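So the structure is just underneath, and the comments pick up after that.
No value in this document is a laboratory result; all are computed from the given coordinates. Keep in mind it's a predicted model, so treat the numbers as computed, not measured. As a convention, Cβ positions derive from the backbone with ideal geometry for all residues, glycine included, and neighbour counts pool all protein chains shown.
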Amino acid sequence: MNQFVPPSIDWAALVPLLIVFGAAVLGVLIEAFVKDSVRRVVQVSLSVVTLGAALVAVAWRWTVVQSQGPAELMGGALLEDGPALLAQGIVLICAFVGMLVIADRSGGEDGFTPTAAAVPGSAYEALARRMGLVQTEVFPLVLFSVGGMLVFPAAGDLLTLFIALEVLSLPLYLLAGLARRRRLLSQEASLKYFLLGAFSSAFFLMGVALLYGYSGSVRFADLAAAVPAMVGMDTVLLAGVVLVLVGLLFKVGAVPFHSWVPDVYQGSPTSITGFMAACTKIAAFAAMVRFVYVVAPGLEWDLSPLLWGIAILTMIVGTVLAIVQSDIKRMLAYSSVAHAGFVLLGVLALTSSGISSVLVYLLVYGLATVGAFALVSLVRERDAEGNVTGEATRLDQWAGLGRRHPVLAVCFTLFLLSFAGIPLTAGFIGKFAVFAAAVEGGAWPLVVVAVLASAAAAFFYVRVVVLMFFTEPDQDDAAADEADRAIDGAAADGAPAVVSTGVRAAVVQTEGLTAVAVVVCAIGTVVLGVFPTPILSLAAEAAKFIP
C-alpha cells in the first residue's frame, strides 16, 4: 500500500503570503476586539505596513531566486520563479498606493457606507451616518484579496489557481457594494460583479474537469507533458484549455466577457474601482501568461484564431465605446477594456519578450490607473447651497478644472497621456514593448489594429484634457472666483476644507494619503517613461517560467 508522503514546505519562500494573510486574519480580530475610537487608525496602519513588508519580502525572495534558481513549493502547488515574483511585486506596488487612496478621508469622510447591512435610504442608515460609524472591515477584506492576487501568478496547478481566484474575488464582491453615496448603484455593481465572477468560476471549473480527464493531473507541468503525448483526445484538450482561458478572460474584462465591467467600475467606491481595475488585471494576466506559455504552446495553431479575434474585438470595442461615454468612470472602464486587448498582444507573442512586455505593461498601466481613479475621487458635485455631495463623474462637470486646480489637472493629464501611449510617459514604453513582442512573434496584423485603436483612443483622452484646460464652465467666471475665495476663507476659519471650482464641481482636500499615492503614481509614470532601461532589463531577466 502506498503511503502518503507529506510535501516539504519551504516556509521562507512563503513569507510574502504569510505576511499578507496573517495581517488579514489579524485585521478580522481587530474588528472584534479593538475599540471603535482607535480601530480605524490601527487597521490603516496595519494594512499599509503589511503591504510594505510584503513588498520587501518579495524583493528578498527575488535575490534568493537569482542566486539559487527557481523552485517548486508545497509539492508543486506554488512556483517561485522570476515571473511570479515580479508579478507579485507589481501587485504589491499597486496595492500599496491603492490602499493609501482607500484609507484617505477626502473632504472629512471616507468613500464607504457606515453600515453595509442597512437598506439604502433607511432610517437605520441615516442613524449610522449621524453616529459617525466607520466601515473598517474594508481593510482586512482588501488584504485577503491581495493575498489571493499574490497566489494567482505563482500557482503551479489548476486547483490552486481556482482557490486563488475565489480568494481574490470574494472580498471584491463585497467591497463593490460599500459606496457611501449612490447606494443602489453600488449594490447593483456588487451583484453584477458577483454574477460575472460566478460565470468565470463555472467556465474555469468545467475547463479544469476536462483537462484533468485528459491528462489525469491538474499540474501545469503534467499538462504540458501530456499535450504532445496524448492522441485521440484533442477535442477534450482544446475544450478544456478554451474554458480555462474564458474564465481568466472574464477577470481581465476582455470582449465579449466585459458586459458588466463598466457598470461595476461606475457603481463601486472609486478607491476600490482603482484598486481592482489595476491589481485584478495584473494578477489575472500574470496567471494567463503562465497558463498559455507553459500548457498551451503546442496548441498555438488551434487557439490563435480564437485569441486573435478576442484581442481585436477587445481593442476595437473598448476604444469605440470609450469615445461615446459621458461619465468619466465609464470612460476609464472602457479604456481598461481596450488596454486588456493591448496586453493580449504580449500574451499571444509566445516569446520570452512577450512575458517581459506583459509584466512591464501591467506595471505602467497599474500605476496610471490607481492615480487616475484617485484623482476622480477628489472631484465632487456641489448642490445649489454650495454643499459638497457625491463625485462629479459627468465629463461636463470637469470643464475649467485646469484653470482653477492646475496641479490636479496636470497629474490627471499625465495619466491620460500614459494611457494613450504618448512618448516620455510610461504608457509609451509599455505599448512599445508589447507591440515589439507581437511583431517578433509574427502577430504583426494585431499590431496594426492596435496602433489604429491607440490613435483613436487618443481622441477621448485628449477630449478630457481640452475640457479641463480650454473649456469654461457655464457659470460666470467672476462669480466662480468669488465662491472660491469665500469657501477658502471658510476653510481657513476651521470649516470643512473644500475648494470650489464653480457651480459644476468642487475639489476636496485630502488627509494627505491620496496626495502621496498620486505623487508616487505620477513619479513612476514619468520615471518609467524617461528611464525605462532598468525595468525593461528586470522584466527580461524575469521572463523564464519553471518548465
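Taking the charge dipole of the chain about its Cα centre, with +1 at Lys and Arg Cβ atoms and -1 at Asp and Glu Cβ atoms, the residue from Leu178, Pro532, Trp62 reaching farthest to the positive side is Leu178. From most to least packed by mean Cβ count within 10 Å, the peptides 151-158, 320-327, 420-427, 350-357 give 151-158, 350-357, 420-427, 320-327. Per-residue Karplus couplings for the stretch 10-19, computed as 6.51 cos²θ - 1.76 cosθ + 1.60 with θ equal to phi - 60°, are listed in order as 8, 5, 4, 5, 8, 4, x, 5, 5, 4 Hz, Gly and Pro entered as x. Packing, taken as the mean count of other beta carbons within 10 Å per residue, orders the peptides 395-403, 216-224, 279-287 from highest to lowest as 279-287, 395-403, 216-224. Our estimate of slack between Val519 and Ser352, defined as 0.36 nm per intervening residue step minus the Cα-Cα distance, is 56.9 nm. Calculated on the alpha-carbon coordinates, the convex hull of the stretch 1-99 measures out at 112 cubic angstrom per residue.
Between Phe469 and Val48, the modelled labels are 3.2 nm apart [label points 7 Å from Cα along Cα→Cβ]. Here the contact order of the chain, divided by its residue count and restricted to Cα pairs under 8 Å and six or more residues apart, works out to 16 percent.
Placing pseudo-labels 7 Å out from each Cα toward the beta carbon at Ile163 and Leu184 gives an inter-label distance of 4.2 nm. In this simple spin-label approximation, Arg105 and Ala455 carry label points 7 Å from Cα along the Cα→Cβ vector, and these lie 5.1 nm apart. Residues of the stretch 132-151 with backbone nitrogen within less than 19 Å of a virtual label 7 Å along the Cα-to-Cβ line of Val25, please, listed as ranges. Taking a point 7 Å out along Cα→Cβ of Val25, the residues of the stretch 132-151 whose backbone N falls under 19 Å are 139-151. For the chain, the longest principal axis of the C-alpha atoms and the axis of helix 36-68 are separated by about 40°.
For Lys329, a cut-off of 27 angstrom between C-alpha atoms picks up these lysines, skipping any fewer than 8 places away in its own chain: Lys192, Lys251, Lys281, Lys431. With R₀ fixed at 30 Å, the C-beta to C-beta distance from Lys544 to Ala209 puts the FRET efficiency at about 0.50.
Between Asp327 and Val236, what is the FRET efficiency for a Förster distance of 60 Å, r being their Cβ-Cβ separation, to the nearest 0.05? Computed FRET efficiency for Asp327 and Val236: 0.85. With 0.36 nm allotted per residue and the present C-alpha distance subtracted, the Val119-Ala59 stretch has 17.1 nm of extension available. The H on the amide N of Leu78, modeled in the peptide plane, is under 5 Å from the matching H of Leu73, Gly156, each at least 5 residues off or on a different chain.
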